[in-house]
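Below is one structure; the comments refer to it alone.
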Amino acid sequence: MSAEPHVSRRDFLKTGATVSAGLTIAFYLPSRLAERLGAAPPDAAFAPNGWVHIGTDGMVTLTVDKSEMGQGVNTSMPMLLAEELEVDLKTVRVGPTPENPAAWSRRMGTGGSSSVRTSYAALRKAGAAARVMLVAAAAQQWGVDAAGCRAEHGTVVHAATNRKLTYAQLAARAATLAVPTDPPLKDPKDFRLLGTRAPRLDTAGKVNGTAEFGIDVRVPGMLYASIERAPSFGGKPKRVDASRANATPGVKRVVPLDSVEAARTDSSVAVVADHYWQALTGRRALTIEWDGGANASLDTARIDAKLGELAGHPGVQARTEGDASAAIAGAAKRIEAVYEVPYLAHATMEPMNCTARVDPNGCDVWAPTQGQSAAQRMAMQITGLPPEQVRVHTTYLGGGFGRRSEPDFVAEAVQLAKAMGAPVQVIWTREDDIRHDFYRPTTYNQFTAAFDAGGNPIAWTHHIVGPSISVSKGNTPRNGIDGSLVEGAANLPYGIPNILVQQTIADLPIPLGYWRSVGNSHNSFVTEAFFDEMARAGGTDPYELRRTLLAQQPRHLGVLNLAAEKAGWGKRLPEGQYRGIAVAEAFGSYVAEVAEISIASDGKPRVHRVVCAVDCGPTVNPDTIEAQMQGGIVYGLSAALYGDITIDAGGVRQGNFNDYPVVRMNEMPAVEVYIVSSTEKQGGIGEPGVPPIAPAVCNAILSATGTPVRRLPIIQNGKSRIAMGE
C-alpha cells in the first residue's frame, strides 16, 4: 500500500456549532486525502465526515461512518474520542450511521482493515478540539487563565481553587467559541484508555436482543420475498410457470427481476408474499426452464486445465530483482513445485438480506452493508432518484468478510419495493448465499527455488495464474497487474538476491469479490508453504532460515521471534505432535503464527494449539485485537481444512455447511495471542490474522509426513489429502 498523504492539523479541523443543542464539532477530510478515499473535495461540495455532539445532559454522541460487523469499531472509535476528550467511555454513545453517503466527505465503506487506522487521527483531533474549547469555556466563565485549568472525567477543574464545571454545564458556552486549528494531542505515555482492555459497548444489545441486524428490520406494511436464481453463471429463465406459486396462500405476486449492472438480477424470479415462509413456499412451487447460457458446460476440471495451460506461457512481471533465470541456470541445486487454491465463498452467518421502500418521499434502504456508498448508488440507478432522496439505514452485520461490500442484494430489494409499491424484505437462504456469492479467486502457482553450493537460496520465481477481481468488475488493471492477485507474493519479504514474480490473468466467468485478507489469503499460503519446502531442501530449519532472510525486515522478524519463543520452537512436543510456522504482512500489520498438530489414523490433521504474534502499531483495544486474531485464525483454518467451491454444469455445487464445512467448536484449537508493543505505523487488524494459519498448519504437516500439502483444502469431500498421498 502507498504511504498516507501528510495532513496537517491546521488543514484538518473545521467546525460547525449548534448552540441550542450543546456543542457540536464537525470535521472534514481535506482535498488530498478526500481524493485518495474517493470523496469529492470539500471546496466542491462540503460535507462533514464525522461529528461529535456533547449534549446539555453531558452525554457524548459520536457519529461513526463505518459498519459494525463484529470487528469492534463501535467501541474502538469511541475510545479514540474519549481519550482526547477526557471523558469516561460509558458516557459516549454511537449515533446512527449517516444516511446519505453522497453527502459524506469520504466514500462510505468498511473494508481493507481500514476503519481505525483511517479514523485514528481524525477522532483524536476532534476530541482534542472539543476538550480545548470546553476548557476555554470554563476559564471564560471563571475569569481565569485557561492554562490553569484541566479536563478530566467529563469536567473542567480549576487547579488553584479546585472549582469544577461539568461538560454538560459548559456545552452551550463552548459552542460559541472558535475551534482551535491545531489542538494539542496527548502524549501516548499519558493515555488512560488507548491500549487498555475496554468492554464492548455493543455487547448488551446483542445479549438482550435489542441490537438490530438486517434480518430483524420491520417496517409497517412490509412484504417478504424469496428469489430463485439461475443455477449457472450467465443463465437466464427461458420459460416460467408461476401458476402453482400464485396459488400458494399469502403469495402476492411473482416478479421477474430486470437487468441491473453488477447485480445479476436479470437471471432471477422473485416470489413476494405476506410472510417469509409463504414466499419461500411459493418459490419452491415455481416451474422454471433455464437457459444455461455459454457457461453451462463449465466445470472445475476445465478451469484447472485452463489455468495450467496458461502457466506454460510467460506472464506479466510484477516484481523483478537481479536475474532469476541466470541464477537458476547456474545453480548447484533447484526445486520446483505447483501449488493450487480453490474458489472460496464468504459464508457469513447472517445470509444476505435487505429491506427497501420506494414511495413519493424517496427511497429507504435498510441493509447490513459494508458499502453504503455503493448501496446508495445502486438504489439511485434503479429508482432514478437524486442522492438526497435515497437514505441508507445501516444495521448491524452478522458477518461481512467482504461479501457485504457488494450491492447485489440491495438491488433486489429496491427493484421489488418499486414494483410492489410497498416495503419488501428480501431474505436469502443459505444455499442462495453459497451458490450466488462473489468468490475468492482460484489460482495456480508455479515455483522454482535455486541454491548455491552451500545450500543458500539464491533465486525465487513465482508465476501466479488466476482470474482478476478488478477485471471481473469491469476495471483495467494498471500496467496489466491486478494488485489483489499478487499481494502477499510480489512483496515477498525475504532477502533472496534474485526474485521474479509473474502474473497471468485468466478470463473466467465466475463472479469474484473481496474475501477476508483478499490476495494475502492465498499467496501467503503458497509462498510460506513453498518456503518450508525450500528450507528443507537446503537442509535448514524453516524458522532459522526465515530469521536469516528477514534480517532487513525488523517487523516481520519481531513477530516471527515472538511467536516462536512463546510456542517453544525447538522444544519437544508430546509424541505424535508437530509444529509449523508462517509469517505474513497484510494491511500494514505483521503476524506470525505457529500451529501444533497431530494426524489421526485416517490422515486428518487435528490442530491443538495456535500461537499468534501481531504487530499492528499503536494499539487501541487489546481485547479487540485478540478477538480479531482468533476470528481470523478460525476463518482461515476453516478454509484450509475444508473450504472448496467447485463448479459443475456452470454453477456452484456446494450449498450449505454440510458440503461447505467450517471448523466446529470441538475442532477449535487453543489460541494464544501476543501483541507487540509498537510505535511504528499503524496497521489494520480485521484481516491480517487469516493469511498465516493455512501455511502454518501445512508446514506442520510437512514436518510430520515429509510430504508437502500443495493443494487446498486439506480435507476434500471428507477425505484427507494426506491419506491420499496428495
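If you check every pair at least six apart or on different chains, which have Cβ atoms under 7 Å apart with a residue in segment 311-327 that is more than 13 Å from TRP460 (Cα to Cα) first and a residue that is of a type in the set (A, V, I, L, M) and modelled with pLDDT under 95 second?
Here the result reads none, with nothing in segment 311-327 linked to a residue that is of a type in the set (A, V, I, L, M) and modelled with pLDDT under 95.
Which residues, counting only those in segment 404-426, are touching a strand residue (DSSP E or B) at 6+ places or on another chain (Cβ under 7 Å) and polar (S, T, N, Q)?
GLN425
Quick check on segment 214-241: of everything there that is crowded, with 20+ Cβ neighbours inside 10 Å and farther than 23 Å from VAL365 by Cβ, which residue is farthest from the chain's Cα centre (by Cα)?
GLY235
Output yes when any residue across segment 128-151 is of a type outside the set (Lys, Arg), outside any loop (DSSP other than H, G, I, E, B) and closer than 30 Å to GLU626 by Cβ, and no when none is.
yes
So the check is Cβ under 8 Å with 6+ separation or different chains; which pairs have a first residue in segment 392-419 that's without any contact (Cβ under 8 Å) to a residue 12 or more places away in the chain and under 23 Å from SER521 (Cα atoms) and a second one that's crowded, with 24+ Cβ neighbours inside 10 Å and of a type outside the set (Ser, Thr, Tyr)?
That search, which allows pairs on different chains as well, returns nothing.
If you check GLU687 against the conditions, is it without any contact (Cβ under 8 Å) to a residue 60 or more places away in the chain, within 30 Å of PRO188 (Cα to Cα), surrounded by 18 or more Cβ atoms within 10 Å (Cβ to Cβ) and under 21 Å from the mean Cα position of the chain (by Cα)?
Taking the combined requirement at face value, the residue does not satisfy it.
Testing MET724 on (1) touching a Pro at 6+ places or on another chain (Cβ under 9 Å); (2) modelled with pLDDT under 95, one condition comes back false. Which one is that?
Just one mismatch for MET724, condition (1).
Quick check on my filter: what residues within segment 71-89 are assigned to a loop (DSSP other than H, G, I, E, B) and more than 24 Å from GLU212 (Cβ to Cβ)?
Residues satisfying the conditions are GLU86, VAL87, ASP88.
For residues in segment 709-726 being under 29 Å from the mean Cα position of the chain (by Cα) and among the basic types (Lys, Arg), which is surrounded by the fewest Cβ atoms within 10 Å (Cβ to Cβ)?
Filtering first and then ranking leaves ARG711.
Just one of TYR674, TYR635 is part of a strand (DSSP E or B), aromatic (Phe, Trp, Tyr) and modelled with pLDDT of 95 or more; which is it?
Only one candidate qualifies: TYR674.
Give the residue, chosen from TYR590, TYR578, that is crowded, with 24+ Cβ neighbours inside 10 Å and in contact (Cβ under 8 Å) with a residue 40 or more places away in the chain.
TYR590
Report yes if some residue within segment 610-625 is of a type in the set (A, V, I, L, M, F, W, C), assigned to a loop (DSSP other than H, G, I, E, B) and either within 23 Å of THR705 (Cα to Cα) or not assigned by TED's automatic domain parsing to the domain that holds GLN716 (or both); otherwise report no.
No, every residue in segment 610-625 fails to be of a type in the set (A, V, I, L, M, F, W, C), assigned to a loop (DSSP other than H, G, I, E, B) and either within 23 Å of THR705 (Cα to Cα) or not assigned by TED's automatic domain parsing to the domain that holds GLN716 (or both).
Being under 29 Å from THR348 (Cβ atoms) and in contact with a Leu (Cβ under 7 Å, 6 or more places away or on another chain) narrows it down to one of ASP299, ASP274, so name that one.
Every option except ASP274 fails the conditions.
Could you tell me whether any residue of segment 195-202 is exposed (fewer than 15 other Cβ atoms within 10 Å of the Cβ) and in contact with an Asp or Glu (Cβ under 7 Å, 6 or more places away or on another chain)?
Checking segment 195-202: at least one residue is exposed (fewer than 15 other Cβ atoms within 10 Å of the Cβ) and in contact with an Asp or Glu (Cβ under 7 Å, 6 or more places away or on another chain).
Pick out the one residue from GLY603, GLY650, GLY643, GLY706 that is over 14 Å from ALA592 (Cβ atoms), within 20 Å of the chain's Cα centre (by Cα) and either touching a residue at least 40 places away in the same chain (Cβ under 8 Å) or not assigned by TED's automatic domain parsing to the domain that holds SER119 (or both).
None of the other options fit; the residue is GLY643.
What do you reckon, is ALA126 in the same structural domain as LEU80 (by TED's automatic domain parsing) and in contact with a Phe, Trp or Tyr (Cβ under 7 Å, 6 or more places away or on another chain)?
yes
Just the residues that are modelled with pLDDT of 95 or more, over 38 Å from the mean Cα position of the chain (by Cα) and of a type in the set (Ser, Thr, Tyr), please, taken from segment 164-213.
Of everything in segment 164-213, just one residue is modelled with pLDDT of 95 or more, over 38 Å from the mean Cα position of the chain (by Cα) and of a type in the set (Ser, Thr, Tyr), namely THR166.
Checking the condition out of contact with any helix residue (DSSP H, G or I) (no Cβ under 8 Å at 6 or more places or on another chain) and under 30 Å from ASP452 (Cα atoms), which residue from THR320, THR300 passes?
The conditions single out THR320.
Taking ASP364 as meeting all but one of (1) within 27 Å of ALA639 (Cβ to Cβ); (2) out of contact with any helix residue (DSSP H, G or I) (no Cβ under 8 Å at 6 or more places or on another chain); (3) among the charged types (D, E, K, R); (4) in a strand (DSSP E or B), write down the number of the exception.
The number of the failed condition is (1).
Quick check on GLY398: is it more than 23 Å from the chain's Cα centre (by Cα), at pLDDT 95 or above and either more than 17 Å from TRP515 (Cα to Cα) or of a type outside the set (A, V, I, L, M) (or both)?
no
Run down GLY127, GLY111, GLY95 and say which single residue is surrounded by 19 or more Cβ atoms within 10 Å (Cβ to Cβ), under 29 Å from the mean Cα position of the chain (by Cα) and more than 30 Å from ASN520 (Cβ to Cβ).
Just a single option satisfies the conditions, and that option is GLY127.
Does ASP65 qualify as being surrounded by fewer than 21 Cβ atoms within 10 Å (Cβ to Cβ) and assigned by TED's automatic domain parsing to the domain that holds LEU123?
Spelling it out, it is not the case that ASP65 is surrounded by fewer than 21 Cβ atoms within 10 Å (Cβ to Cβ) and assigned by TED's automatic domain parsing to the domain that holds LEU123.
The values are calculated or read from the model by the stated rules, or taken from the named source; none is laboratory data. Please read these numbers as outputs of a predicted model, since none were measured by experiment. Cβ sites come from the backbone with ideal geometry, for glycine too, and all protein chains shown count toward neighbours.
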